[in-house]
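Trainee: There's a structure below that I have some questions on.
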Amino acid sequence: MNANDYMAGIDLRGTAYLLTLLVASVLFLLGLRGLSHSETARRGMFLAVFGMVAAVLGTLLNSRIVTYEWILGGLVVGTIIGVPMGLWIPMTKMPERIALSHAFGGLAVALVGVAEYWNHHASLSRFDTGAIGFEVLLGTITLTGSLMAFGKLMGILPGRPQTFPGQNALNLAFLTTALVLIVLLIIQPTQQILFYVLFTIGLLLGILMVARIGGADMPVVICILNSYAGLAAAATGFALNNPVLIVCGALDGGSGLILALIMSKAMNRSFKNVIFGAFGATVAQECVGPDCSSGTVRDGTPEDAAELLKIANSVIVVPGYGMAVAQAQHAIRDLADLLEKAGTEVKYAIHPVAGRMPGHMNVLLAEANISYDQLYELDSINDEFQRTDVSIVVGANDVVNPAAKSTPGSPIYGMPILNVGQSKVVLVLKRSMSPGFAGIENELFVQPNTMMIFGDAKKTLAQISAAVKA
Ligand code: TAP
């Protein structure tokens with residue numbers, strides 16, 4: 001065989017297709033690795049973006065593509081929706097944005113499954129039929145489940161769990177029926193009615209499963225849906241014979257599940273409790289002023305806080321969900337700069353479930369250019385509170401509630417908390433004595449070494465900074 005014959009034997013397009021997908025898979029792996037540390041997260045993000053570009057370009061080389069017009073149309077529509085979403089949706093709305101992105105992912109996967117079945121059901125192998133069945137079931141659950149999560153987070157749908165008698169049994173019956181339908185389809189791929197009933201059941205299951213989960217548990221639900229979307233994409237990869245979809249679907253499915261487990265563990269809640277527990281169904285008390293706690297509340301002014309901070313040698317800032325609501329991260333940075341200039345050591349204690357999404361606090365503090373070196377995780381800072389002069393709790397509540405250690409039967413009993421109460425003085429910045437996410441009183445607020453400074457955290461911090469300067 002001469003060189004020309006040899007070259008002609010090589011399918012250049014097919015080789016380029018496979019090579020690009022291999023590069024994309026490696027970039028996804030490296031991207032995910034980078035995302036596991038704050039210092040390398042930005043690089044990880046860019047690697048994942050390049051991976052996605054390589055995956056799209058590689059897929060365009062697929063010899064099964066007969067026309068590019070529809071693909072081009074899809075790219076234009078996706079860009080028109082995606083760019084404004086990325087540019088304009090604020091950090092506080094990230095859980096909502098992620099829910100919507102998952103809904104789009106579920107829709108895409110379900111539509112690809114329907115198209116594959118529609119075009120090829122007469123010639124599909126049993127394996128491909130099974131893969132398409134799982135793809136459509138998981139895709140439809142992700143679609144409607146994510147839309148429900150989005151509606152609850154946005155307040156379009158009621159945030160409290162929507163329950164009715166026999167709901168879990170009904171969900172289980174739907175799930176079993178769906179699995180039976182997939183088996184029947186594998187046996188008889190041409191029975192189209194089975195496929196469309198499966199599609200409908202998937203849509204209903206997504207709604208019913210998320211309806212019974214409270215709005216505040218949505219971040220955990222979103223991670224679970226993320227996992228479903230990944231598994232659905234992997235099933236699509238099997239059906240379309242696309243290796244990069246299998247790799248990144250498995251990565252997505254696995255990482256979503258691991259994240260949901262980490263979050264459940266950090267909240268000391270079992271997976272079962274999140275899915276079936278209807279947590280957050282009732283808020284124990286609705287309180288709008290400083291006078292509704294069972295204990296003596298010592299409240300002070302920003303000026304009082306400034307006096308304490310001026311003589312402090314060490315300060316730990318404990319941010320929580322209220323910091324995100326008040327967008328107080330820049331005000332925290334301004335105050336920390338003033339204190340550091342005066343020689344005070346400032347550290348930040350980050351609880352794994354502070355806020356409403358994984359890494360919520362880290363992202364906001366990074367936005368205010370607070371150095372990663374100053375951020376400490378729960379385990380590495382908890383022993384330092386007893387040697388600290390002042391802890392400033394900015395809009396955190398459950399993650400500093402001693403009831404997690406002292407009150408068996410409390411919804412947060414067993415959850416690891418930050419030991420802020422051990423520092424010499426605790427300044428708590430919040431608007432009222434209202435409870436946090438778990439809906440329970442916080443005895444930290446009536447401890448003798450605690451001073452409550454009522455008001456919006458951003459305004460209070462600005463007033464404290466002004467008083468420190470003065
Ligand atoms: P929370 O316990 O929810 O408490 C937040 C506090 O912020 C509230 O007590 C509120 O009190 C205060 N607040 C709200 N707006 C404020 C403002 N503008 N200025 C000052 N304070 C404000 O927050 P946390 O301590 O961060 O705990 C997080 C909770 O969410 C945990 O129970 C966790 O299990 C749960 N959760 C977390 C996640 C993730 S992944 N992070 C996911 C699901 C659930 P006022 O109304 O009195 O101001």
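Trainee: Would you mind stating whether VAL210 is assigned to a helix (DSSP H, G or I) and modelled with pLDDT under 85?
Mentor: Details: assigned to a helix (DSSP H, G or I): yes; modelled with pLDDT under 85: no.
Here the answer is no, as VAL210 does not meet what is asked.
Trainee: Considering only the range 372-411, how many residues are within 16 Å of TYR321 (Cα to Cα) and touching a Lys or Arg at 6+ places or on another chain (Cβ under 9 Å)?
Mentor: Going through the range 372-411 one residue at a time, the tally reaches 5.
Trainee: Would you check if there is a residue in the range 348-365 being open to solvent by 10 Å² or more (accessible area, probe 1.4 Å) and more than 12 Å from the ligand (Cβ to nearest atom)?
Mentor: Checked against the condition, which is being open to solvent by 10 Å² or more (accessible area, probe 1.4 Å) and more than 12 Å from the ligand (Cβ to nearest atom), the range 348-365 yields no hits at all.
Trainee: Then there is this: Out of the residues in the range 383-421 that are among the hydroxyl-bearing types (Ser, Thr, Tyr) and surrounded by fewer than 17 Cβ atoms within 10 Å (Cβ to Cβ), which is farthest from the ligand (Cβ to nearest atom)? Give the derivation first.
Mentor: Residues of the range 383-421 that are among the hydroxyl-bearing types (Ser, Thr, Tyr), as a first pass: 388, 391, 406-407, 410, 413.
Filter once more, so that each one left must be surrounded by fewer than 17 Cβ atoms within 10 Å (Cβ to Cβ): 406-407, 413.
Numbers: SER406: 17, THR407: 15, TYR413: 12 Å.
In this case the residue turns out to be SER406.
Trainee: If I ask for residues that are away from the ligand (no atom under 13 Å from the Cβ), open to solvent by less than 30 Å² (accessible area, probe 1.4 Å) and part of a strand (DSSP E or B), which ones from the range 430-470 would you list?
Mentor: Across the range 430-470, the qualifying residue is only THR450.
Trainee: Which residues, counting only those in the range 127-155, are open to solvent by 20 Å² or more (accessible area, probe 1.4 Å) and either farther than 30 Å from MET94 by Cα or not in a helix (DSSP H, G or I) (or both)?
Mentor: Correct list: PHE127, ASP128, GLY155.
Trainee: Which of the residues that make up the range 70-126 are among the aromatic types (Phe, Trp, Tyr) and at pLDDT 90 or above? Working first, answer last.
Mentor: Taking the range 70-126 and keeping what is among the aromatic types (Phe, Trp, Tyr), we get 70, 88, 104, 117-118.
Selection gives PHE104, TYR117, TRP118.
Trainee: In the range 1-107, which helices (runs of 4 or more DSSP H) lie fully inside it and hold 2 or more residues that are open to solvent by 80 Å² or more (accessible area, probe 1.4 Å) and under 25 Å from CYS223 (Cβ atoms)?
Mentor: Working: elements: 3-9, 12-34, 38-60, 69-88.
The qualifying helices (runs of 4 or more DSSP H) are 12-34, 38-60, 69-88.
Trainee: Also, quick follow-up: Output the number of residues of the range 131-176 satisfying the condition of being closer than 14 Å to THR236 by Cβ and of a type in the set (S, T, N, Q).
Mentor: 2
Trainee: Which residues, counting only those in the range 184-198, are open to solvent by 20 Å² or more (accessible area, probe 1.4 Å) and within 15 Å of HIS121 (Cα to Cα)? Show your work before the answer.
Mentor: At the first step, the residues of the range 184-198 found to be open to solvent by 20 Å² or more (accessible area, probe 1.4 Å) are 184, 186-194, 196-197.
Selection gives LEU184, ILE186, ILE187, GLN188, PRO189, THR190, GLN191, GLN192, ILE193, LEU194, TYR196.
Trainee: On the basis of being in contact with a His (Cβ under 6 Å, 6 or more places away or on another chain) and open to solvent by less than 40 Å² (accessible area, probe 1.4 Å), does ALA235 make the cut?
Mentor: Considered against the rule, which asks whether it is in contact with a His (Cβ under 6 Å, 6 or more places away or on another chain) and open to solvent by less than 40 Å² (accessible area, probe 1.4 Å), ALA235 comes out as no.
Trainee: Looking at the range 321-340, which of its residues are part of a helix (DSSP H, G or I), open to solvent by 50 Å² or more (accessible area, probe 1.4 Å) and at pLDDT below 95?
Mentor: Selection gives TYR321, VAL325.
Trainee: Further question on the same structure: Tell me, please, whether a residue that is crowded, with 17+ Cβ neighbours inside 10 Å, among the charged types (D, E, K, R) and under 20 Å from LEU339 (Cα atoms) can be found in the range 369-382. Let's see the steps before the verdict.
Mentor: So in the range 369-382, the residues crowded, with 17+ Cβ neighbours inside 10 Å come out as 370, 375, 378, 381-382.
Filter once more, so that each one left must be among the charged types (D, E, K, R): none.
No, because not a single residue in the range 369-382 is crowded, with 17+ Cβ neighbours inside 10 Å, among the charged types (D, E, K, R) and under 20 Å from LEU339 (Cα atoms).
Trainee: Being in a helix (DSSP H, G or I) and β-branched (Val, Ile, Thr) is the filter here; which residues of the range 156-196 pass it?
Mentor: Start the filter on the range 156-196 by keeping residues that are in a helix (DSSP H, G or I), which leaves 167-187, 192-196.
Passing the criteria: THR176, THR177, VAL180, ILE182, VAL183, ILE186, ILE187, ILE193.
To keep it simple, each residue is scored yes or no on (1) open to solvent by less than 60 Å² (accessible area, probe 1.4 Å); (2) modelled with pLDDT under 75; (3) under 16 Å from the mean Cα position of the chain (by Cα); (4) farther than 30 Å from ALA24 by Cβ.
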| position | (1), (2), (3), (4) |
| --- | --- |
| GLY202 | yes, no, no, no |
| ASN241 | no, no, no, no |
| LEU245 | yes, no, no, no |
| ALA260 | yes, no, yes, no |
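Trainee: Then there is this: If you go through the range 302-320, how many residues are assigned to a helix (DSSP H, G or I) and either more than 16 Å from the ligand (Cβ to nearest atom) or more than 23 Å from SER432 (Cβ to Cβ) (or both)?
Mentor: Of all residues in the range 302-320, those assigned to a helix (DSSP H, G or I) come to 302-310.
Of the ones still in play, those that are also either more than 16 Å from the ligand (Cβ to nearest atom) or more than 23 Å from SER432 (Cβ to Cβ) (or both) are 303-304, 306-310.
Of the residues in the range 302-320, 7 are assigned to a helix (DSSP H, G or I) and either more than 16 Å from the ligand (Cβ to nearest atom) or more than 23 Å from SER432 (Cβ to Cβ) (or both).
The values are calculated or read from the model by the stated rules, or taken from the named source; none is laboratory data. The model shown is predicted, which means the values in this text are computed figures rather than measured ones. In this analysis, Cβ positions are derived from the backbone assuming ideal geometry, glycine residues included, and neighbour counts consider all displayed protein chains. These accessible areas exclude ligands, DNA and RNA; they are computed on the full protein's heavy atoms, side chains included. Shrake-Rupley method; radii C 1.70, N 1.55, O 1.52, S 1.80 Å.
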